[in-house]
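Throughout, read-outs are computed from the coordinates displayed, never taken from laboratory work. Treat the numbers as computed from the prediction; the structure is a model and nothing was measured. Note: ideal-geometry Cβ built from the backbone for every residue, glycine included; neighbour counts use all protein chains shown.
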Amino acid sequence: MSRILIAAIGATALMLFLGPKFITWLRKNEVGQFVRPQGLIPAGHDAKRGTPTMGGLLIVFATTVPFLILSGRSTSAMLVLFVTLACGAIGFVDDYRKIVSKRSGGLAARWRLLGLAAVGLVLAFVAVHVVGVPTTLGLQFNDTIVSVGPVVFLFVVLLVVSGAANAVNLTDGLDGLAAGTCAVALLVYTGIAFVSGQQDLAMFAATLMGSCIGFLWFNSFPAAVFMGDTGSYALGGAIAALAVMTKTEVLLIIIGAVFVAEAVSVMVQVVVFRRYRRRVFLMAPLHHHFEMAGWSETKIIVRLWLIALIVGSIGFTLYFRSVHR
């Protein structure tokens with residue numbers, strides 16, 4: 001337990017130490033955020049244009065170094081690290097294309113989805129054939145374990161990886177929102193992995209949580225740096241991989257309820273508008289709806305953090321109850 005705590009604190013300290021230097025470098029090289037056109041985002045967001053982005057690179061670095069030094073480098077934990085880095089690489093390409101083209105459009109959606117599918121395929125194959133993860137789904141709500149077979153399990157893993165990465169990416173629309181909610185989810189997975197005896201997984205989750213907390217020092221409102229798609233894809237991929245390795249793929253719906261709500265709001269908005277030419281929300285994702293309704297940015301962020309804490313507590317309680325019956 002002490003090594004897990006040291007790794008988390010080390011990641012936070014590394015982030016706080018390197019953050020100012022990295023942000024200065026980003027500003028010097030004009031690595032700034034490009035926002036979507038007016039009408040697709042609330043009017044106030046135009047002021048965020050030019051804010052240094054790609055802070056996800058620092059999140060990944062501050063996580064990887066302490067983890068590799070202090071962990072036992074088990075296959076399961078290294079697999080989660082691989083997924084994190086691979087998803088982060090997809091986000092990096094997206095960010096890089098935006099910076100080079102100087103517009104908000106980056107890597108085409110089909111290529112992002114194809115990349116995430118490839119990462120999910122590797123995760124599923126190694127998890128089953130190397131680590132020995134069973135092709136089952138645990139329903140912690142009623143203590144049921146369902147055997148789904150390799151094909152269905154592969155589909156679930158692909159859905160979880162793609163869904164989590166894109167959901168966290170959609171959540172990353174307000175200063176500190178994604179970093180804070182991810183920190184809560186990672187705290188929950190630190191507890192889940194520790195309770196299940198997977199010490200290296202607990203260390204990885206705790207270390208990544210520490211990086212998110214350190215990043216919040218610079219990313220809280222008003223943000224001095226954004227994580228970019230590099231960070232949001234890496235965090236989403238990490239949470240998805242932790243869910244697969246701890247057999248909580250279904251429970252992730254509760255633990256990541258804020259991410260789910262953000263993603264579902266976009267899907268509902270698109271489907272309803274295309275079919276009925278009406279909008280369910282004032283603007284999607286969900287946090288933009290609250291902005292358009294007159295809520296301040298900080299109020300939205302803090303309230304969604306609180307919701308993340310509540311659903312995270314529920315998720316951990318359900319898991320703890322299922323393994324101690």
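Numbers for the structure displayed
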| read-out | value |
| --- | --- |
| 5 angstrom amide H check on LEU139, placed H, neighbours 5+ away | THR144, ILE145, VAL146 |
| Where a label projected 7 Å from the Cα of GLU30 along Cα→Cβ would reach, residues of segment 75-107 with amide N under 13 Å | 99-103 |
| Kyte-Doolittle at least 1.0, axis length at least 30 Å by Cα - qualifying DSSP helices, the chain | 2-28, 75-101, 149-171, 297-323 |
| Filter on LYS48/LYS299; LYS28/LYS299; LYS48/LYS247; LYS102/LYS299 - keep pairs with C-alpha separation over 29 Å | LYS28/LYS299; LYS48/LYS247; LYS102/LYS299 |
| Alpha-carbon Debye profile of segment 202-325, log10 I(q)/I(0) at 0.10, 0.14, 0.17, 0.22 Å⁻¹ | -0.40, -0.77, -1.08, -1.44 |
| Global geometry of segment 106-183, whether rounded, prolate or oblate, following the gyration tensor of its Cα atoms and the 1.5 cut on a/c | oblate |
| For peptides 230-243, 76-89, sequence by mean Cβ density within 10 Å, most packed first | 230-243, 76-89 |
| Loop chymotrypsin sites (Phe, Trp or Tyr not before Pro), segment 94-147, which have at most 14 other Cβ atoms in a 10 Å radius of their Cβ (DSSP) | PHE141 |
| Relative packing of 127-138, 204-215, which averages over residues the other C-beta atoms within 10 Å, highest first | 204-215, 127-138 |
| Gained length - MET1 relative to VAL130, 0.36 nm times residue gap less alpha-carbon distance | 43.8 nm |
| Net +/- balance of residues flanking LYS21 in space, Cβ distance below 12 Å, scoring K and R +1, D and E -1 | +2 |
| Max mean-square fluctuation residue, GNM over the chain, Cα-Cα springs under 10 Å, options ASP95, ASP143, ASP172 | ASP143 |
| Overall dimensions of segment 2-249 by Cα: Rg and Dmax, Å | 17.8, 55 |
| Taking the chain and dividing mean pair separation by its residue count, relative contact order in percent (alpha carbons under 8 Å, at least six apart) | 27 |
